[in-house]
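Some notes on the structure that comes next.
The values are calculated or read from the model by the stated rules, or taken from the named source; none is laboratory data. Just so you know, these numbers come straight off a predicted model, no measurement behind them. All Cβ positions, even for glycine, are placed from backbone atoms using ideal geometry, and neighbour counts span all protein chains on display. SASA here: full protein model, heavy atoms, side chains in, ligands and nucleic acids out. Shrake-Rupley method; radii C 1.70, N 1.55, O 1.52, S 1.80 Å.
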Amino acid sequence: MRVHLIVAHPEEKSFNCALHQVAKQTLNEFGAIVTESNLYAEQFDAVAGSKDVMGFSEPSGFNLAKAQRYALDNGAFCEQIKQEQKNLIACDLLILQFPLWWWSFPAILKGWIDRVLTSGFAYGQGAILVPKKVMYSITTGGAANQDEMAYYKGKIDGLYQDVFGFMGWKIVPPFIAHGVQQKSHKARQLILQDYQSHLNTILKH
Ligand SMILES: Cc1cc2nc3c(=O)[nH]c(=O)nc-3n(C[C@H](O)[C@H](O)[C@H](O)COP(=O)(O)O)c2cc1C
């Protein structure tokens, strides 16, 4: 099995990066072939635009989806996008590790979605990327009660459906770590263990 890991957190000592390390270790122990994109460490450019595509011009003005289709047909994507798309072609499972920011993806990860999951490659007529499996591992500010848990669930289901569900990918149950910043060291260690178990369960299916 080939797994591509994406982590979107600015601090290497964060709990998100600790979860990312657990994923790497667990997957390596399982014998998976693992690749990774650490978006902040690699200073991934989050802003989609004309610089993503070499040599595209349109008299009626710049159109991102059209430029993306031109780039795909002409091998004209910039290197960063080419490399990320290669990682997606090669993987069976994609894991996105991120903190929930404003009920959504951090901007750097949203930018990765805008720039890498391009028209004609990942979605739209004739899209060439075979749908894969995807799993989110998310940390949150914390749910105080069952109603709040249900609210989180709805939001996170939406984040799956609106991107990977739309593209026909198989959605794997998420790992959600609530309120990690308020937790003791011991409680955090238990969450890391739970994540390892969660991954092992997924890998067996
Ligand atoms: C810009 C920003 C926006 C946030 N928005 C939310 C939010 O919408 N919902 C939520 O539960 N937590 C929110 N949080 C809290 C983070 O999700 C939480 O601090 C993070 O998951 C903890 O993981 P970390 O210690 O690895 O950073 C936000 C934090 C920041 C900095």
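Residue by residue, here is whether (1) within 21 Å of residue 135 (Cα to Cα); (2) of a type in the set (Asp, Glu) holds:
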{"residue": "20", "(1), (2)": "yes, no"}
{"residue": "35", "(1), (2)": "yes, no"}
{"residue": "42", "(1), (2)": "no, yes"}
{"residue": "49", "(1), (2)": "no, no"}
{"residue": "59", "(1), (2)": "no, no"}
{"residue": "65", "(1), (2)": "no, no"}
{"residue": "88", "(1), (2)": "yes, no"}
{"residue": "110", "(1), (2)": "yes, no"}
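Does the stretch 80-88 contain any residue that is farther than 23 Å from residue 10 by Cα and open to solvent by less than 30 Å² (accessible area, probe 1.4 Å)?
No, there is no match, as no residue in the stretch 80-88 is farther than 23 Å from residue 10 by Cα and open to solvent by less than 30 Å² (accessible area, probe 1.4 Å).
I'd like the full set of residues that are closer than 22 Å to residue 8 by Cα and polar (S, T, N, Q), limited to the stretch 34-64.
Of everything in the stretch 34-64, those that are closer than 22 Å to residue 8 by Cα and polar (S, T, N, Q) turn out to be 35, 37, 38, 43.
Quick check on the stretch 128-186: of everything there that is of a type in the set (Gly, Ala, Ser) and more than 16 Å from the ligand (Cβ to nearest atom), which residue is nearest to residue 17 (Cα to Cα)?
Only one residue fits best here, namely 165.
Can you tell me how many residues within the stretch 99-115 are more than 8 Å from the ligand (Cβ to nearest atom) and not in a loop (DSSP other than H, G, I, E, B)?
Adding up the residues that qualify gives 9.
If residue 50 passes every condition in (1) surrounded by 14 or more Cβ atoms within 10 Å (Cβ to Cβ); (2) over 30 Å from residue 34 (Cβ atoms) but one, which one does it miss?
Answer for residue 50: the failing condition is (1).
Is there a residue being in a loop (DSSP other than H, G, I, E, B) and either more than 23 Å from residue 73 (Cα to Cα) or in contact with a Gly (Cβ under 7 Å, 6 or more places away or on another chain) (or both) anywhere in the stretch 144-162?
yes
Is it the case that residue 94 is over 20 Å from residue 11 (Cα atoms), within 20 Å of the chain's Cα centre (by Cα) and hydrophobic (A, V, I, L, M, F, W, C)?
It is true that residue 94 is over 20 Å from residue 11 (Cα atoms), within 20 Å of the chain's Cα centre (by Cα) and hydrophobic (A, V, I, L, M, F, W, C).
Anything in the stretch 17-63 that is touching a helix residue (DSSP H, G or I) at 6+ places or on another chain (Cβ under 7 Å), closer than 17 Å to residue 202 by Cα and not hydrophobic (A, V, I, L, M, F, W, C)? List them, or say none.
If the condition is that a residue be touching a helix residue (DSSP H, G or I) at 6+ places or on another chain (Cβ under 7 Å), closer than 17 Å to residue 202 by Cα and not hydrophobic (A, V, I, L, M, F, W, C), then 26 is the only one that fits.
Which condition number in (1) more than 16 Å from the chain's Cα centre (by Cα); (2) closer than 23 Å to residue 203 by Cα; (3) small (Gly, Ala, Ser) is the one that residue 150 fails?
It is condition (2) that residue 150 fails.
Listed residues 113, 89; which is within 21 Å of residue 174 (Cα to Cα) and among the β-branched types (Val, Ile, Thr)?
Sole residue among the options that is within 21 Å of residue 174 (Cα to Cα) and among the β-branched types (Val, Ile, Thr): 113.
Yes/no matrix, rows are residues, columns are (1) within 30 Å of residue 190 (Cα to Cα); (2) within 16 Å of the ligand (Cβ to nearest atom); (3) crowded, with 19+ Cβ neighbours inside 10 Å:
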{"residue": "17", "(1), (2), (3)": "yes, yes, no"}
{"residue": "68", "(1), (2), (3)": "no, no, yes"}
{"residue": "74", "(1), (2), (3)": "no, no, no"}
{"residue": "90", "(1), (2), (3)": "no, no, no"}
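Applying the selection to the stretch 26-53, what residues are part of a helix (DSSP H, G or I) and in contact (Cβ under 8 Å) with a residue 12 or more places away in the chain?
Once the filter is applied, which keeps residues that are part of a helix (DSSP H, G or I) and in contact (Cβ under 8 Å) with a residue 12 or more places away in the chain, the stretch 26-53 yields 26, 27, 30, 50, 51, 52.
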